[in-house]
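Colleague: Provided herewith is a single structure, encoded as structure tokens, for subsequent inquiry.
The values are calculated or read from the model by the stated rules, or taken from the named source; none is laboratory data. The structure displayed is predicted, hence computed values, not measured ones. Because the Cβ atoms are built from the backbone with ideal geometry, glycine has one as well, and the counts that use them run over all protein chains shown. All accessible areas refer to the heavy atoms of the entire protein, side chains included, with ligands and DNA or RNA removed. Shrake-Rupley method; radii C 1.70, N 1.55, O 1.52, S 1.80 Å.
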Amino acid sequence: MDLELNDIQQELASTLSKYLRSEYDAAKREEILRSEEGISREKWQAFAEMGLLGLAVPESYGGADMTFNEVAVVAEAFGRSLVLEPFLATAVLGTNAVLLAGSEEQKQAILPGVCEGQTFLAVAMLEPNLRYAVEAPETTATAAADGGVTLSGEKNNVLGGDVADHFVVTAVENGDLGLYLVAADAEGLTRVAQRQADGLGNANLRLENTPAQRLDAADAREVLTEVIDLGNAAIMAEAVGALEASLTMTADYLKTREQFGAPIGVNQALQHRAADLYAELEYARSMALYSRLAVTSEAVGAEKDRHRDVIAAKIVVDQAARNISQESIQMHGGIGMTMEYPIGHYAKRLTVMTRTFDDADSLTAELAELGGLVEPHAADLS
Amino acid sequence: MDTLLNAEEREFAQQMRQFYRTEIPEELRFKVATGQELSKDEMVTSQRILNQHGYAVPNWPVEWGGQDWTPVQRHIWLEEMQLACVPQPLPFNVSMVGPVIATFGSQELKERFLPATANIDIWWSQGFSEPNAGSDLASLKTSAVRDGDKYIVNGQKTWTTLGQYGDWMFNLVRTDPNVKKQAGISFLLIDMKSPGVTVRPIQLIDGGHEVNEVFFDNVEVPVENLVGEENKGWTYAKFLLGNERTGIARIGGSKVNLARAKAYAAVTKTARGTLLDDPLFSARLTKIETELTALEMTQLRILSTQAAGSDKPDPRSSVLKLKGSQLQEDISELLVDVLGPQGLDFVDDRVQGQGLSDLPHGAVDALPAYFNTRKVTIYGGSSEVQRGIISKALLGL
């Protein structure tokens, strides 16, 4: 049994951390946050040159042909530094949607540009009347006379949609869920860019007979589930980075902030609550790993358990994110409430990211419906 | 978690699974699976079978019956044992006094005690806690005063688990009252049949007699019963308690209990279907299942670090104790809540007779187990002690 990072992953983690520490500190991040686009295309280009944007993409499409394990290493480092660029939207969600559902031609057309940092992607799956029920969109796809297809409907909270060059859009065609590729400059597409509370960008979209291409190399429902599973696994890795940074910052504050003539961390009330947060952090690390194992497993029949294991993991990570982000602010006191101090920014990222595709309640209900993780068994019942 | 194991580990797990299910009598395993109390004879029988096959004391040195296993193998040994509902070998013998004697005892003590301890020919009791030395164990007062070739022991121990069966007792005693409290403690073995030893039962809130208080009134103990050096007992105790913490999360046992509560819930009717379909109950159950998985993954991560070559004590094991004990309590509470009103009486048998219908499964043990399980967040370093360790060792507070 070996759950440690391998040498290549450790090297990736340490190189990236070093880069982010010097090139993505709080001041530089603040600058990006205040810029018009809210992201740095220069940094994105640097990520591309480091090979971060196509880690799990086959070489034939310009990627590094590695696995999601390396993607998770990057997500964790990005979480620690609260990176604002749309890594999740482009390199995880969009890339995997195209990889899993695109034709050879579509993959060749889209993915090399993504790996080179030239193309942003976004997956449009949420709708105003859906909350998290992404499998039943109201957006419709209609076959056009020229053999193509057009989409009509409304999408919201499209992560990375503010800068996306291509959208992967869910819609229903003749009663079946489908995935469609839509260019950002397509006719009949209206995009309203927004800024999330965590500083990341998204967009609401209106589609009116918007021309699209079908992404139908695989079953849309299965692809959508897998894309969300990968997205959630990436979110969990990112959350671990952010949680670790939050707790470290909070513990440091407890050691240095003095009141009544002593560091506030001498109070057992705070020590014990901080210890509980540490235990939650360990749980989050464990379950981020659990989800990573689930999405990378090549064991026979692993696909069946993948979705179940990812949502189980996310329930635990959501809880840790909630507790650690809330308690970090509380333990900092008034300073934790200020925009100037970094702890609140972690809380905002954690609060938003854990509610991106689902939340702890919706996942708990789904996991229960799937039968949970433990087979019922009692020796005296048979 | 089979998929995380390599081929040899998987084969080893299969071998243990097979062994436990074929060699340990089914009626014993059934009793454990359904929360029934085991007699002394049953516990002895089970441990002797394990010992015959070299599975009672794998954590000991090989020359004394231990196994040259990896941390992962030791984990599998314990996990599969709990999953098969095999009564665990007596912890006082196998994970407490045995390793201390094997590590710090003289050759004579090893020869005299270790084989009998592994085979449970001697039933050991633990003499650590005292009425005024609980979490602050080092403040213990039971004294041992050297008098020629013997010690004269006076004082009182408490919370002596299963002391009513005890043949021998390993004790922390104060041999020097004039130094820093940790520096005046020795580790002394006492024959419980010695004149002046009195064992009195303490009834617990579950109604059972699991623990005792033990009084020493001028008990004469030969000096050769001292383990290691005089006044070094605190070092040995810390070593012992470190061993106690591994496996204390009882993940296999929690899985069995959770599966049981879930099975009962599936056959428990409510006004709207079964209890398992009840949204609030199922949400609570599901959350506990995810936490149990998180606990298991945390244990596997710690194991993986050990397997990668680190044999340093890992303070993260305090997280296992803190979370694992809470989860045991949560699961015991779940079972009580499955039973509802019919789980609220202390009864000996679910068959009522006299034309009354049988009580539901679990009605006999759920509530006593719930009350008994309150102990797990108290013993082995209470949750508060664990939080103290975590905040100091892991957060630097």
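Colleague: Which one of these does B:Ile331 not meet: (1) free of Cβ contacts under 8 Å to residues at least 40 places away in the same chain; (2) crowded, with 17+ Cβ neighbours inside 10 Å?
Modeller: Every listed condition holds for B:Ile331 apart from (1).
Colleague: Here's another thing I want to ask about it. Looking at A:Thr356, A:Thr364, A:Thr351, can you tell me which residue is of a type in the set (Val, Ile, Thr), more than 9 Å from chain B (Cβ to nearest Cβ) and either part of a helix (DSSP H, G or I) or closer than 30 Å to B:His361 by Cβ (or both)?
Modeller: Of the residues listed, the single one that is of a type in the set (Val, Ile, Thr), more than 9 Å from chain B (Cβ to nearest Cβ) and either part of a helix (DSSP H, G or I) or closer than 30 Å to B:His361 by Cβ (or both) is A:Thr351.
Colleague: Can you name the helices (runs of 4 or more DSSP H) wholly within the range B:305-397 that have at least 3 residues being aliphatic (A, V, I, L, M) and more than 10 Å from every other protein chain (Cβ to nearest Cβ)?
Modeller: Ranges flagged: B:317-339, B:366-373.
Colleague: Might you let me know whether the range A:100-115 holds any residue that is open to solvent by less than 20 Å² (accessible area, probe 1.4 Å), under 15 Å from A:Phe167 (Cα atoms) and under 16 Å from the mean Cα position of the chain (by Cα)?
Modeller: Checked against the condition, which is being open to solvent by less than 20 Å² (accessible area, probe 1.4 Å), under 15 Å from A:Phe167 (Cα atoms) and under 16 Å from the mean Cα position of the chain (by Cα), the range A:100-115 yields no hits at all.
Colleague: Something else about it: How many residues does the range A:279-328 contain that are open to solvent by 30 Å² or more (accessible area, probe 1.4 Å), under 17 Å from the mean Cα position of the chain (by Cα) and hydrophobic (A, V, I, L, M, F, W, C)?
Modeller: 1
Colleague: Still on this structure: List pairs: first residue in the range B:281-294 and at negative phi, second residue surrounded by fewer than 24 Cβ atoms within 10 Å (Cβ to Cβ) and acidic (Asp, Glu) anywhere in the structure, Cβ distance under 6 angstrom, at least six positions apart or on different chains.
Modeller: B:Ile288/B:Asp330
Colleague: Turning to a different aspect of this structure: Among what's in the range B:338-360 and is of a type outside the set (Val, Ile, Thr) and in contact (Cβ under 8 Å) with a residue 60 or more places away in the chain, pick the residue that is most open to solvent (accessible area, probe 1.4 Å). So that I can check it myself, show each step before the final result.
Modeller: Initial filter on the range B:338-360 (of a type outside the set (Val, Ile, Thr)): B:339-346, B:348-350, B:352-360.
Keeping just the survivors that are in contact (Cβ under 8 Å) with a residue 60 or more places away in the chain gives B:339-340, B:346, B:360.
On the way: B:Leu339: 16, B:Gly340: 24, B:Phe346: 117, B:Pro360: 40 Å².
By that ranking, first place goes to B:Phe346.
Colleague: Of all residues in the range A:280-334 being facing another protein chain (nearest Cβ under 9 Å) and not in a helix (DSSP H, G or I), which is nearest to A:Ala234 (Cα to Cα)?
Modeller: The residue in question is A:Ser297.
Colleague: Give all pairs with beta carbons closer than 8 Å in which a residue from the range B:1-20 that is over 18 Å from B:Ile251 (Cα atoms) and more than 9 Å from every other protein chain (Cβ to nearest Cβ) meets a residue that is assigned to a helix (DSSP H, G or I) and among the polar types (S, T, N, Q); count only pairs at least 6 apart in sequence or on separate chains.
Modeller: Within 8 Å, the pairs are B:Phe12/B:Gln73.
Colleague: How many of the residues making up the range B:96-105 are in contact (Cβ under 8 Å) with a residue 60 or more places away in the chain and either open to solvent by 30 Å² or more (accessible area, probe 1.4 Å) or in contact with a Pro (Cβ under 8 Å, 6 or more places away or on another chain) (or both)?
Modeller: Let us first name the residues in the range B:96-105 that are in contact (Cβ under 8 Å) with a residue 60 or more places away in the chain, namely B:96-97, B:99-101, B:103-105.
If we keep only those that are either open to solvent by 30 Å² or more (accessible area, probe 1.4 Å) or in contact with a Pro (Cβ under 8 Å, 6 or more places away or on another chain) (or both) too, we end up with B:103-104.
Going through the range B:96-105 one residue at a time, the tally reaches 2.
Colleague: I need the full set of residues from the range B:21-43 which are buried (at least 18 other Cβ atoms within 10 Å of the Cβ) and away from chain A (no Cβ under 14 Å), in order please.
Modeller: B:Met43 - this is the single residue of the range B:21-43 that is buried (at least 18 other Cβ atoms within 10 Å of the Cβ) and away from chain A (no Cβ under 14 Å).
Colleague: Moving on to the next point. Among the listed residues B:Thr286, B:Thr298, which satisfies the condition of being surrounded by 24 or more Cβ atoms within 10 Å (Cβ to Cβ), within 21 Å of the chain's Cα centre (by Cα) and within 10 Å of another protein chain (Cβ to nearest Cβ)?
Modeller: B:Thr298
Colleague: Pairs please, first residue from the range A:59-77 and in contact (Cβ under 8 Å) with a residue 40 or more places away in the chain, second anywhere and of a type in the set (S, T, N, Q) and outside any helix (DSSP H, G or I), Cβ atoms under 9 Å, 6+ apart in sequence or on different chains.
Modeller: A:Asn69/A:Asn6
Colleague: Kindly list, by first and then second residue, each pair from a residue in the range B:140-163 that is without any contact (Cβ under 8 Å) to a residue 40 or more places away in the chain to a residue that is of a type outside the set (Ser, Thr, Tyr) and assigned to a loop (DSSP other than H, G, I, E, B), limited to pairs with Cβ atoms under 8 Å and residues at least 6 apart or on different chains.
Modeller: B:Lys141/B:Asn132; B:Ser143/B:Pro177
Colleague: Within the range A:84-96, identify whether any single residue is over 21 Å from A:Asp198 (Cβ atoms) and either free of Cβ contacts under 8 Å to residues at least 40 places away in the same chain or out of contact with any Asp or Glu (no Cβ under 8 Å at 6 or more places or on another chain) (or both), and answer yes or no.
Modeller: Just the residues of the range A:84-96 that are over 21 Å from A:Asp198 (Cβ atoms), to begin with: A:95-96.
Imposing the further condition that a residue be either free of Cβ contacts under 8 Å to residues at least 40 places away in the same chain or out of contact with any Asp or Glu (no Cβ under 8 Å at 6 or more places or on another chain) (or both) reduces the set to A:95.
Looking for residues that are over 21 Å from A:Asp198 (Cβ atoms) and either free of Cβ contacts under 8 Å to residues at least 40 places away in the same chain or out of contact with any Asp or Glu (no Cβ under 8 Å at 6 or more places or on another chain) (or both), one finds at least one in the range A:84-96, hence yes.
Colleague: State yes or no: is B:Gly388 on the phi > 0 side of the Ramachandran plot and small (Gly, Ala, Ser)?
Modeller: Values: on the phi > 0 side of the Ramachandran plot: no; small (Gly, Ala, Ser): yes.
Judged against the criteria, B:Gly388 is not a match.
Colleague: Filter the range A:245-278 down to the residues that are part of a helix (DSSP H, G or I) and either under 21 Å from the mean Cα position of the chain (by Cα) or among the aromatic types (Phe, Trp, Tyr) (or both) and list them by number.
Modeller: Let us first name the residues in the range A:245-278 that are part of a helix (DSSP H, G or I), namely A:245-256, A:264-266, A:268-278.
Scanning the range A:245-278 gives A:Ala245, A:Ser246, A:Leu247, A:Tyr253, A:Tyr278.
Colleague: Let me ask something else. Could you tell me which of the residues A:Phe47, A:Phe87 is aromatic (Phe, Trp, Tyr), farther than 19 Å from A:Ala184 by Cβ and either more than 14 Å from chain B (Cβ to nearest Cβ) or open to solvent by less than 10 Å² (accessible area, probe 1.4 Å) (or both)?
Modeller: Result: A:Phe47 is the single residue among A:Phe47, A:Phe87 that is aromatic (Phe, Trp, Tyr), farther than 19 Å from A:Ala184 by Cβ and either more than 14 Å from chain B (Cβ to nearest Cβ) or open to solvent by less than 10 Å² (accessible area, probe 1.4 Å) (or both).
Colleague: Considering only the range A:127-149, I want to know if a residue exists there that is closer than 30 Å to A:Ser40 by Cα and crowded, with 24+ Cβ neighbours inside 10 Å.
Modeller: no
Colleague: Would you mind finding the one in A:Asn157, A:Asn204 that is in contact with a Lys or Arg (Cβ under 8 Å, 6 or more places away or on another chain) and open to solvent by 10 Å² or more (accessible area, probe 1.4 Å)?
Modeller: None of the others qualify; the one that does is A:Asn204.
Colleague: Kindly list the number of the only condition in (1) touching a helix residue (DSSP H, G or I) at 6+ places or on another chain (Cβ under 6 Å); (2) surrounded by fewer than 20 Cβ atoms within 10 Å (Cβ to Cβ) that fails for B:Ala118.
Modeller: (2)
Colleague: Please find, within the range B:121-157, the residue that is nearest to B:Val223 (Cα to Cα) out of those that are small (Gly, Ala, Ser) and open to solvent by 20 Å² or more (accessible area, probe 1.4 Å).
Modeller: Per the stated criteria, the residue is B:Gly148.
Colleague: Among strands (runs of 3 or more DSSP E) lying entirely in the range B:158-236, which contain 3 or more residues that are open to solvent by less than 40 Å² (accessible area, probe 1.4 Å), modelled with pLDDT of 95 or more and closer than 16 Å to B:Pro131 by Cβ?
Modeller: Fully inside the range B:158-236 and qualifying: B:168-174, B:211-222.
Colleague: For the range A:48-131, which fully contained helices (runs of 4 or more DSSP H) count at least 1 residues that are of a type in the set (S, T, N, Q) and within 14 Å of A:Leu12 (Cβ to Cβ)?
Modeller: A:68-81
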